[in-house]
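Encoded as structure tokens, the structure appears first; notes follow it.
What follows is calculated from the coordinates using simple rules that are stated; it is not laboratory data. Bear in mind that the values here come from a model prediction, so they are computed numbers and not experimental data. Cβ atoms come from the backbone with ideal geometry, glycine included; neighbour counts cover every protein chain shown.
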Amino acid sequence: MSGLHQSKAVLSRKTFLLLFVVLFHAAAPAQDPAGKNALRVMTFNIRYNEPRDGVNAWTNRKTKVSDVIRFHKADLIGVQEAQYNQLQDLEKLLPDFAWCGTGRDGENRGEFSAILYRKSRFKLLETKTFWLSETPETPGSKGWDANFPRIVTWAKFQDQRTKKKFLSFQHAF
């Protein structure tokens, strides 16, 4: 890999992390001593649907995954390695949640870095997925040092409790 491409990849990862921290901090409620507007955020690698996983196959894990989300009372969840059918299953098991994102191979193909959000709390204002490559608008494009297409899903939400707007980014390295 050329030094220029490596520099872009490092800069991009650092930029995303910094942007996430700044935007997430800006979305935090200013004065909320009782914590009634606390935002519960979770990231969850749910592992793609691999039937050869035997007792750990998705059909045996999906209820446990939804139970963990319910137990932690998450409002916003970034998932990695999710496939379209897994997101559909979670939507059925967690009826107060919706999701946004695109598969890394475009549309509903490939693994997702999706954002699940509590519909009763957040209004989705805008969302987009882009590829970490020299052609970020091209589905399935690979870049820099990637063996697989790398994607970022972002969403702009409005918190219905605080009326504040914020951005959420989801990416799996």
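Structural remarks
- Amide hydrogen neighbours beyond the local backbone of Asn37, cut-off 5 Å, H modeled: none
- On the basis of the beta-carbon distance and an R0 of 45 Å, Ala146 and Lys36 show a calculated FRET efficiency of 0.60.
- Cross-link partners for Lys73 among the aspartates and glutamates, with Cα-Cα distance under 19 Å and sequence neighbours closer than 8 places in the same chain left out: Asp32, Asp89, Glu91, Asp96, Asp159.
- Placing a pseudo-label 7 Å from each Cα along the Cα-to-Cβ vector at Thr59 and Leu124 gives an inter-label distance of 2.8 nm.
- For the listed residue pairs Lys36/Lys142; Lys92/Lys165; Lys142/Lys163; Lys62/Lys163; Lys64/Lys123; Lys62/Lys123, the alpha carbons are over 31 angstrom apart in Lys36/Lys142; Lys142/Lys163; Lys62/Lys163.
- Phi-based couplings in Hz for the range 127-136 (Karplus 6.51, -1.76, 1.60; Gly and Pro marked x): 8, 7, 10, 9, 9, 7, 7, 6, 10, x
- Across the range 141-153, rounded Karplus estimates of 3J(HN,Hα) from the backbone phi angles (6.51 cos²θ - 1.76 cosθ + 1.60, θ = phi - 60°) give 6, 10, x, 6, 10, 7, 7, 10, x, 10, 10, 10, 10 Hz, Gly and Pro being marked x.
- Residue-wise HN-Hα coupling along the range 84-91, computed from phi with Karplus coefficients 6.51, -1.76, 1.60 (Hz; x: Gly, Pro): 3, 5, 5, 5, 5, 4, 5, 4
- Long-range amide H partners of Ile151 with built H, under 5 Å: Leu132, Ala172
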